[in-house]
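Below is one structure, written out as structure tokens, with a few remarks after it.
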Amino acid sequence: MSQETGGRPATPKTCVIAVGNQKGGVGKTTTTVHIAAALGEMGRKVLVIDLDMNQGATRHLGIPSESFLGAYEVLTGEEQPEDVIVTEEDDGVDLPKGVHLVAARRNLEKVDKALLSINKFVISQDVLLKPLQSLEGKYDYIFLDTAPNATTPTIAAYKAAKYFILAAMPDPFAVAGLNDALTDIQGAQQNGNPGLRVLGVVLSGIDGRRTRLANTLIQYVEKQFATSDGKSAKFENTISRSTVIPEAQKDGKTIFQTAPNHKLADQYRALAREIEARLGRGLPQVLPAAEPTSRQADEGLAEEAVANG
Ligand SMILES: Nc1ncnc2c1ncn2[C@@H]1O[C@H](COP(=O)(O)OP(=O)(O)O)[C@@H](O)[C@H]1O
Ligand SMILES: [Mg+2]
């Protein structure tokens, strides 16, 4: 029997991973949908929940704007997640293999007001807990694609996720966005989600002939985002810069659909394998952060490792 911890089973089968950085245009959405597609190709069942009112993941996965109910309805409790999940069986959609989506619409910006009027006792930060609980066991991975600003859906993602992937591209503001995200991760750890762990930092848009900006970012992340066992939280597999990404994005597809043999598709495959390896080995804490609060979380990781093979 799994013990309950704040609405989350201590040993979940479904791995809930938020992807973030408090800055826009640094590769959060691209990272989310491509890791999802890579894991889907490996036979995993993956759900992406788009929590950004700018609908990056929804568009990238080719879903026409405003065509499906989604995150707003789930967060306000108007709909059960299972009733709004977009799958390959829906008309006119072409999702990557193994990937489902809870779409975002513009109405996400009004979710705060809606929550207040529905029930003043609903804690808006916790609105993802119940929906995720109802999906427990139905997916191997649920990815939460977040907005760059601390909107309610994004804060709810920090509160509900078990793991956090930080995304960054060589951008003058990306580092500040990483640090802000780390501060919010600590905030979530200290306020209701003590088990939240940084899974790692994904760096994309890294040129073959590295620019100074790229080198600075790599060095900074290697130094600042160290784990308590002295290793870097940066994933070894980085993603190169290539026009295949914006081209695929324009078509509402991942490169697993438009260019499966491209070097970048292989980089995402390697990254997906690295992610599974990290999940399997148990995660040391990324510094600086709160001490692990219970052995339960670590035991959970070990069991998850067995479940994930
Ligand atoms: N590896 C890459 N090579 C080239 N362009 C990329 C790469 N990864 C992301 N991009 C581009 O960078 C821009 C921002 O990416 P996006 O994932 O939308 O960021 P965010 O979700 O953080 O706002 C997009 O136009 C995307 O196409
Ligand atoms: Mg985005």
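Quick rundown of the values:
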{"read-out": "Residues satisfying the stated conditions in the stretch 208-230, i.e. surrounded by fewer than 13 Cβ atoms within 10 Å (Cβ to Cβ) and part of a loop (DSSP other than H, G, I, E, B)", "value": "GLY208, ARG209, ASP229, GLY230"}
{"read-out": "Residue list for the stretch 133-146, restricted to those being of a type outside the set (Lys, Arg), surrounded by fewer than 24 Cβ atoms within 10 Å (Cβ to Cβ) and on the phi < 0 side of the Ramachandran plot", "value": "GLN133, SER134, LEU135, GLU136, TYR139, ASP140"}
{"read-out": "Checking PRO148 against (1) touching a Ser or Thr at 6+ places or on another chain (Cβ under 9 Å); (2) within 20 Å of VAL221 (Cβ to Cβ); (3) more than 14 Å from ligand 1 (Cβ to nearest atom); (4) of a type outside the set (Asp, Glu), the condition it does not meet", "value": "(3)"}
{"read-out": "Matching residues in the stretch 225-253 - criterion: being closer than 17 Å to ARG197 by Cβ and of a type outside the set (A, V, I, L, M, F, W, C)", "value": "THR227, SER228, ASP229, GLY230, LYS231, SER232, LYS234"}
{"read-out": "Check on PRO96, part of a helix (DSSP H, G or I), closer than 29 Å to GLN257 by Cβ and under 19 Å from the mean Cα position of the chain (by Cα)", "value": "no"}
{"read-out": "Filter result (part of a helix (DSSP H, G or I), away from ligand 2 (no atom under 16 Å from the Cβ) and more than 12 Å from HIS34 (Cβ to Cβ)) within the stretch 241-269", "value": "GLU247, LYS263"}
{"read-out": "From the options ALA157, ALA104, ALA167, ALA147, residue that is touching a residue at least 12 places away in the same chain (Cβ under 8 Å), over 14 Å from the mean Cα position of the chain (by Cα) and within 16 Å of ligand 2 (Cβ to nearest atom)", "value": "ALA104"}
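Bear in mind these aren't lab numbers, they're just calculated from the coordinates by the rules spelled out. This structure is a prediction, so every number in the text was calculated from the model and none was measured. All Cβ positions, glycine included, derive from the backbone under ideal geometry; neighbour counts span all protein chains shown.
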